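In what follows, a structure is listed as structure tokens, so that the remarks can point back to it.
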Amino acid sequence: MIRYADAIRFDRLAERGRNEPLRVTAETDQGDEIEVFLKPSARPEIGIEGMANEIFAACVGSHVGVPVCEPIAVRMSSDWISSVQDPLIRDVLSRSSPVAFGSLAAGSGWRRWTSDERLIGERRGAALSTFVFDAFIENRDRVVSNPNLLIRGDSFRVIDHELCFRIRLCLFPRAEPWRMGYLQNTVSPGATGHVFGALLKADRYVDFTPIRPAWAGLSDDALSDYAACLPTEWVDAASAIDDALTHLRTVRDRIDECLMEIERALA
Ligand SMILES: Nc1ncnc2c1ncn2[C@@H]1O[C@H](COP(=O)(O)OP(=O)(O)O)[C@@H](O)[C@H]1O
Ligand SMILES: [Mg+2]
């Protein structure tokens, strides 16, 4: 269900990002040449679990109507790694899993969201889906100071999901988006609030109706299929993804309580 590709050229490093993704040209198994932002497992914050979170979150996001970039599983042959000129990058790649996470480049005309953007017109629906998505996948990494969000006209692309889920590490507070008050911090104004939190809270025209059917329709079969499309090389992430699956099933089964908290936080 996800596309595989072989890395064929290292172009340059991305201009931004804590993990300095690599801009790489790759050839898909169907023969298309594509450009990806590559996150190999040996980058400090990524690891196998971070790559698995990226793909799993992108699959769930696209199921519930969040505008994600297509995730690609990118094979890196040892010949290709040897052909990379920069010794530091070559070293990172050779210490990484031979399959890396790739995010299909959004393409031309996209820029990063900045805090002087406004939430108008069609942007509202995608902003609400994104806010809900981040609340339900435990993503604290789309905040005012680091939006991980691209915009072109009124369209968005969300990126960067390696730090989401990590359910076992969520202890104080536990991952309970169905609990009243859970989302309070995400709507606070300031650098650490969710990129859309304060904006949606100030907006009287937000339409909540599409959210429930999207999440209530996240079937067990679909969730298992998404978990099953993770590369077999990433088996070390299996139990973390199991926890993510259990968490999402609970969100789905308790969707009314979750939505009550979303609406309360944004009221
Ligand atoms: N699919 C993509 N399309 C376009 N730009 C991207 C894409 N993925 C990442 N980028 C760019 O690379 C930067 C770093 O990527 P990101 O996934 O946020 O990595 P990090 O974990 O290092 O923050 C982003 O801020 C964005 O500018
Ligand atoms: Mg980022």
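The values are calculated or read from the model by the stated rules, or taken from the named source; none is laboratory data. All values reported here derive from a predicted model rather than from experimental measurement. All Cβ positions, even for glycine, are placed from backbone atoms using ideal geometry, and neighbour counts span all protein chains on display. Protein only, heavy atoms only, side chains kept; ligands, DNA and RNA dropped before computing areas. Shrake-Rupley method; radii C 1.70, N 1.55, O 1.52, S 1.80 Å.
Under a model in which nothing but the beta-carbon of Lys, Arg (+1) and Asp, Glu (-1) is charged, the stretch 111-266 shows a dipole of about 620 debye around its Cα centre.
Ordered from largest to smallest accessible area (heavy atoms of protein chains, 1.4 Å probe), the residues Asp11, Asp134, Asp116 come out as Asp116, Asp11, Asp134. Which of rounded, prolate or oblate describes the stretch 89-171 when judged by the alpha-carbon gyration tensor and an a/c cut-off of 1.5? Verdict is oblate for the stretch 89-171. Positive end of the dipole of the chain (Cβ unit charges, origin at the Cα centre): among His247, Ser103, Leu200, the Cα lying farthest that way belongs to Leu200. For the chain, the solvent-accessible area of protein heavy atoms averages 47 Å² per residue (probe radius 1.4 Å; ligands and nucleic acids excluded). In a DSSP loop and with at most 15 other Cβ atoms within 10 Å, the trypsin sites (Lys or Arg not before Pro) in the stretch 1-58 are Arg16, Arg18. Relative to the Cα centre, the charge distribution of the chain, modelled as +1 at Lys and Arg Cβ and -1 at Asp and Glu Cβ, gives a dipole magnitude of about 860 debye. Accessible surface ranking for Leu266, Leu88, 1.4 angstrom probe, highest first: Leu88, Leu266.
Which value, in debye to the nearest 20, gives the size of the charge dipole of the stretch 3-104 about its Cα centre, when Lys and Arg are +1 and Asp and Glu are -1 at the Cβ?
I would put it at about 280 debye.
Evaluated at q = 0.10, 0.13, 0.16, 0.17 Å⁻¹, a Debye calculation over the C-alpha positions of the chain (equal weights, vacuum) places log10 I(q)/I(0) at -0.50, -0.84, -1.24, -1.37.
Please report the carbon-and-sulfur percent of the accessible area for the chain; probe 1.4 Å, protein heavy atoms only, DNA, RNA and ligands left out. Percent of accessible area from carbon and sulfur atoms in the chain: 51.
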